Structures are given as structure tokens and as C-alpha cells.
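The values are calculated or read from the model by the stated rules, or taken from the named source; none is laboratory data. Bear in mind that the values here come from a model prediction, so they are computed numbers and not experimental data. Note that each Cβ is placed from the backbone with ideal geometry, even for glycine, and that neighbours are counted across all protein chains shown. In case anyone asks, the SASA skips ligands and DNA or RNA and just uses the protein heavy atoms, side chains included. Shrake-Rupley method; radii C 1.70, N 1.55, O 1.52, S 1.80 Å.
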Amino acid sequence: MTNVSRTGRTGPTGLIGRLVRLHDGVFSGLERALSGWFTGFAARFALASVLLLYYLNSAWGKFGEGVFGFLSPSSGAYVSILPKVMEANGYDESALAWYYDVIVYLGTWTEIVLPILIVVGLFTRLAALGMIFFVIVQSYVDIAGHGIDARSIGSMFDRFPDAVIWDQRLLWVFVLVVIVVQGAGRLSLDHLLARARQP
């Protein structure tokens, strides 16, 4: 049995109709309350919880020793980022062309700068886009350079949810895509800067 509303739309009556109206009322109210701030904040919070310390720790391990170690990546940084190139050059980074130094510097600093920008919400969409590219390159290096096994690579729709590449990193990229599409939201430095630019 249906009922015609004042707008001309038909809908269920009785208990089903009340449940539908309750459902619509609760969730449309929730959507209004969270609009403009929650999605970007939640995606950034998830990234901070899961990946911020992972990437900062990874980058820290790539720095050289001493106070100015951040200016010269360690041998481990070269092996981590350029495994096949290092192997071909007898694990001697001084034998590498200058552009490999640039790749290692960029790779190391990307692990620090982009996650921090995303978490604080500064240039968030651009930083998230950069992180998507970084995760794709990181996954390629893990597969082609470090030769991780097929179980760790996994595959889509294979009923196993714990592979490092297709399962974990697909979810990482999804969170980053949400940030690219939705932005950082009102709880961010991007929002504060946008308000400061308004006349």
C-alpha cells in the first residue's frame, strides 16, 4: 500500500513507511551535520594513524649519521630505493650517476614532507596526489626491485585480504583518492588559508 505525499511522490505506508522516513531523517541529518568537514578530516586521521609514523620511520632510516645526516642519505637509502641499480654497481653509491642521487633525495624527503602536509591539511589535494604516485612507485620497486613473493603481492578479488600490494596499498590509495576528491575539509590549514584570502 502506498501513500501520495503533498509533493506528488508516492511512498510506503504503515510500519514500513515510518521506518523509511526514520531512516531518511536520521541519515540526511547526519549527512548535513558532517558535510564540509568530516570526510576530509576522517581520511587524514586514518592516514595519520596508519601511515604517518610508517613513512617518517622509513625516511629516518634512510638518513646518514650525525647532525647533518639528513643532508646525505645512507647506503641503505640507495639500496632501498634503487636495489637493482645498486646491485649492478657493486653496492657503491659513489659509482652512480648524479640523477640517482636526486632520485634518492626526492624519495627520502617525499616520505617526510607529503604525509605531514596531508595530516596538517596544507596543499592537501596536491600532496595526496603526490602520495598516490609515490605509493605506485614504491609498489613497483618492491615488486621489480626487491622481488617480493606472489603471496605478498596478492591480487584483486582473491578472497585473501592481507596482501601487502593489492590489498593494503589499494586501501591506502583509496584514502588518498578521497582526499584528492573531497579536499581536507574545514579542519585544515587549507581552509584557514582560503578564508584569509577572502575579501
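So the values come out like this:
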quantity	calculated
Residue-normalised accessible area of the chain, given per residue in Å² at a 1.4 Å probe	66 Å²
Pairwise FRET efficiency - Leu15 versus Trp109, Cβ, R0 = 41 Å, nearest 0.05	0.10
For Ile143, net neighbour charge (Lys/Arg +1, Asp/Glu -1) across residues whose Cβ lies under 15 Å away	0
Positive minus negative residues near Val50 (Lys, Arg vs Asp, Glu; Cβ under 12 Å)	+2
Phe68/Phe133 FRET efficiency (R0 41 Å; Cβ-Cβ; nearest 0.05)	0.90
Rounded tilt (10° steps) of 38-47 against the dominant C-alpha axis of the chain	30 degrees
Of all accessible heavy-atom area on the chain, the percent that carbon and sulfur account for (1.4 Å)	67 percent
From the coordinates shown, Rg and Dmax of the Cα atoms in Å corresponds to which of [x] 17.1, 59; [y] 23.7, 80; [z] 18.9, 60	[y]
